[in-house]
Amino acid sequence: MPSNVTIALWKARAAWILSGLLSPFVLVPLFSALFVLELTADRWEFLRIYLLCVACSVGVPAVYVGANVYVGRITDIHVRLLEQRRGPFRAGLVGLFVQATALWYVKAHPMLVAYGFCVFFSGLAFAYISESWKISVHTGTLGSLLAGALVILDWSAWWLLLEMPLIWARAHRRRHHPQQGLVGAVLGFVPTWLCLIFSSKL
């Protein structure tokens, strides 16, 4: 029989792995590739749109957070402290707004444009809530991406169960309370899913 210490170590390791694999910095490039591949006509258009999306949605906040961690203004790349979240959120919102408007300007597929603006407005809601409550960006990002996968890629709703181990992992690592993970998942998924369903009917 494994000891309590061994079980605790395995739980800690599993939570760390899940938090890493389901991090926005991992999931956004992956799902962006799937969405753009589905909605572009050729390899050149895929590459152009994909690089635009990743540079704006991941590159801008990653550069901001990395630079501020380097100079000591932010404690760590996961921005664990509530009081340090305002700057990264603003950087992320700038990136998301540029992404959405750029997708519209280059006449990307209407579903990509709709998704871009959905994510931007969802980001505004997360930024507002994070002023006073540490809502989970991990679960919110996963929820938004799964909404896109259900509508754009026709994935099964069973994929939403991925939120459960992520909520557990974030709570086990004491990054969020379970409620913060659950609210993040719902707020990330529902508005984006409704927006994309509506857009698909136009």
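Structure notes:
- Any hit, segment 41-53, residues being in contact with a helix residue (DSSP H, G or I) (Cβ under 7 Å, 6 or more places away or on another chain), of a type in the set (A, V, I, L, M) and farther than 17 Å from GLY123 by Cα: yes
- For ALA8, the requirement of being assigned to a helix (DSSP H, G or I) and within 21 Å of the chain's Cα centre (by Cα) is not met.
- Residue in segment 99-119 that is of a type in the set (Gly, Ala, Ser), at pLDDT below 95, out of contact with any Leu (no Cβ under 8 Å at 6 or more places or on another chain) and more than 15 Å from LEU194 (Cα to Cα) present: no
- Residue check, THR141 buried (at least 19 other Cβ atoms within 10 Å of the Cβ), at pLDDT 95 or above and part of a helix (DSSP H, G or I): yes
- Residue match in segment 14-30 (condition: within 20 Å of the chain's Cα centre (by Cα), more than 20 Å from ARG175 (Cβ to Cβ) and either part of a helix (DSSP H, G or I) or modelled with pLDDT of 95 or more (or both)): yes
- Matching option when the condition is of a type outside the set (S, T, N, Q), touching a Cys at 6+ places or on another chain (Cβ under 9 Å) and in contact (Cβ under 8 Å) with a residue 60 or more places away in the chain, among PHE35, PHE97, PHE31, PHE126: PHE35
- Only one of the listed residues (ILE49, ILE74) is out of contact with any Gly (no Cβ under 7 Å at 6 or more places or on another chain), over 19 Å from GLY184 (Cβ atoms) and not in a helix (DSSP H, G or I). That residue is ILE74.
- Segment 173-192, subset buried (at least 19 other Cβ atoms within 10 Å of the Cβ), at pLDDT 95 or above and not aliphatic (A, V, I, L, M), residue farthest from the chain's Cα centre (by Cα): GLN180
- Subset of segment 88-122 [over 18 Å from PHE31 (Cβ atoms), of a type in the set (Val, Ile, Thr) and either within 15 Å of the chain's Cα centre (by Cα) or in a helix (DSSP H, G or I) (or both)]: VAL94, VAL98, THR101
- All positions within segment 1-36 that are under 30 Å from TYR64 (Cβ atoms) and among the charged types (D, E, K, R): ARG13
The values are calculated or read from the model by the stated rules, or taken from the named source; none is laboratory data. All values derive from a computational prediction rather than experimental measurement. Neighbour counts are summed over all protein chains in view; Cβ atoms, including those assigned to glycine, are modelled from backbone coordinates with ideal geometry.
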